[in-house]
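> Please find one structure pasted underneath; my questions will follow.
The values are calculated or read from the model by the stated rules, or taken from the named source; none is laboratory data. It should be emphasised that the depicted structure is a prediction, and the values quoted were computed from it without experimental measurement. Counting neighbours? That spans all protein chains shown, and the Cβs are built from the backbone with ideal geometry, glycine included.
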Amino acid sequence: MAGASIIDGKEIAAQVRREVAAKVAERVARGRPAPGLAVVLVGNDPASEVYVRNKARSTREVGMGSFEHRLPASTSEADLLVLIADLNARSDVNGILVQLPLPKHIDPVRVIEAIDPAKDVDGFHPVNVGRVASGAKALAPCTPTGCLILASSVQADLGGLEAVVIGRSNIVGKPMAQLLLSANCTVTIAHSRTRDLPLVARRADLLVVAVGRAEMVRGDWIKPGAIVIDVGIQRVAGAGGKGRLVGDVAFEEVKAVAGAITPVPGGVGPMTIACLLQNTLQAAEAA
Ligand code: NDP
């Protein structure tokens, strides 16, 4: 069997970043300031450190200003809110991203709601959540936006497709469903209480999986020819005691049935930062 085509997230993300870089250069040539992205990291979670470093590097690579704020884990919520107020007021900062998770003594909802919605490049502020839900122009969350770009790379018009999203988090599943609805898909949202998940998944012409369970989705859950977007990323034990990265989808099995599939790594992952840069440019252009 020929199997699915592989959706190259690395290449598509590179293309998005090139487009952003070209638009930034054009903007600067028009005499406008380069967009600026502020990333705030509280504490020293190793995974968050890597994300923040990568975001800062990618930001500079497309010609934008990168402002990193590293605060100790003991930082009070009040002090973090003061920093956000300061970033809200700065004209050289167009996007503000507070890296999650935050230490337990800080309420993430209060922090997200303190960010100016016009600078909320993560798309987590209730104003942007509402705008995405109502189909208005918004700063939409980066990971689902990236998934939409990947699916559209296979089929430009997703209208009329049966889309199934497994996972209903505020960060991925719910906004994904809203974006697919705006793209005229018929959308089902499945979750841990869904009955007969394989049956629901088999309905999908487009299946997006954001669960966080390694290789949960099997080959016999897939409608032949479906587009499969795997958001999950986990490290599991591999051959020779070495860890390997896998998604929520059993790649080899599903690849044999699907029409197109994202790999892990190299699928959705690289799209998230590319869409963050796109959002920062959008915020700057709207300022
Ligand atoms: P959450 O843990 O916030 O949400 C997981 C969702 O999956 C929940 O809605 C949960 O249902 C559902 N779920 C859990 N178990 C099952 C099950 N057995 N059957 C059906 N549904 C189930 O995770 P996130 O949405 O934040 O992330 C999901 C995955 O995506 C993770 O692996 C994460 O690492 C990855 N991720 C990758 C990103 C990237 O850039 N590539 C960015 C963000 C996330 P319920 O609501 O009922 O509990």
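> Based on this model, can you work out whether G95 counts as in contact with a helix residue (DSSP H, G or I) (Cβ under 6 Å, 6 or more places away or on another chain), modelled with pLDDT under 95 and either surrounded by fewer than 17 Cβ atoms within 10 Å (Cβ to Cβ) or within 21 Å of R17 (Cβ to Cβ) (or both)?
no
> Output the residues belonging to region 218-253 that are within 20 Å of H191 (Cβ to Cβ), away from the ligand (no atom under 15 Å from the Cβ) and touching a strand residue (DSSP E or B) at 6+ places or on another chain (Cβ under 6 Å).
A226, the sole residue that qualifies.
> Turning to a different aspect of this structure: Every residue in region 31-40 that is surrounded by fewer than 22 Cβ atoms within 10 Å (Cβ to Cβ) and closer than 16 Å to Q282 by Cβ, please.
Of everything in region 31-40, those that are surrounded by fewer than 22 Cβ atoms within 10 Å (Cβ to Cβ) and closer than 16 Å to Q282 by Cβ turn out to be R32, P33, A34.
> Among the residues of region 129-156, which ones are near the ligand (Cβ under 10 Å from one of its atoms) and among the polar types (S, T, N, Q)? Step through it out loud before you land on a result.
Looking only at region 129-156, we keep the residues that are near the ligand (Cβ under 10 Å from one of its atoms), and these are 141-144, 146-147.
Scanning region 129-156 gives a single hit, T143.
> Additional query: Which residues, taken from region 108-132, are of a type in the set (D, E, K, R) and in contact with a Cys (Cβ under 8 Å, 6 or more places away or on another chain)? Full working, then the answer.
To start, the set of residues in region 108-132 that are of a type in the set (D, E, K, R) comprises 110, 113, 116, 119-120, 122, 131.
Answer for region 108-132, where residues must be of a type in the set (D, E, K, R) and in contact with a Cys (Cβ under 8 Å, 6 or more places away or on another chain): just D122.
> Considering only residues that are without any contact (Cβ under 8 Å) to a residue 40 or more places away in the chain and either in a loop (DSSP other than H, G, I, E, B) or more than 9 Å from the ligand (Cβ to nearest atom) (or both), look in region 157-175 and name the one that is surrounded by the most Cβ atoms within 10 Å (Cβ to Cβ).
Only one residue tops the list, namely R168.
> For residues that are on the phi > 0 side of the Ramachandran plot and within 6 Å of the ligand (Cβ to nearest atom), tally how many sit in region 199-217.
Taking region 199-217 as the starting set, the residues that turn out to be on the phi > 0 side of the Ramachandran plot are 212, 215.
The next check asks that each one be within 6 Å of the ligand (Cβ to nearest atom); those that pass are 212.
So the count comes out to 1.
Yes/no matrix, rows are residues, columns are (1) out of contact with any Phe, Trp or Tyr (no Cβ under 7 Å at 6 or more places or on another chain); (2) at pLDDT 95 or above; (3) over 18 Å from S152 (Cβ atoms):
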{"position": "S182", "(1), (2), (3)": "yes, yes, no"}
{"position": "V200", "(1), (2), (3)": "yes, yes, yes"}
{"position": "R203", "(1), (2), (3)": "yes, yes, yes"}
{"position": "A210", "(1), (2), (3)": "yes, yes, no"}
{"position": "I222", "(1), (2), (3)": "yes, yes, yes"}
{"position": "A226", "(1), (2), (3)": "yes, yes, no"}
{"position": "R235", "(1), (2), (3)": "yes, no, yes"}
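> Oh, and also: Hey, G123 hits all of (1) over 21 Å from L277 (Cβ atoms); (2) out of contact with any Phe, Trp or Tyr (no Cβ under 7 Å at 6 or more places or on another chain) but one; which does it fall short on?
Evaluating G123 over (1) over 21 Å from L277 (Cβ atoms); (2) out of contact with any Phe, Trp or Tyr (no Cβ under 7 Å at 6 or more places or on another chain) leaves (1) as the failure.
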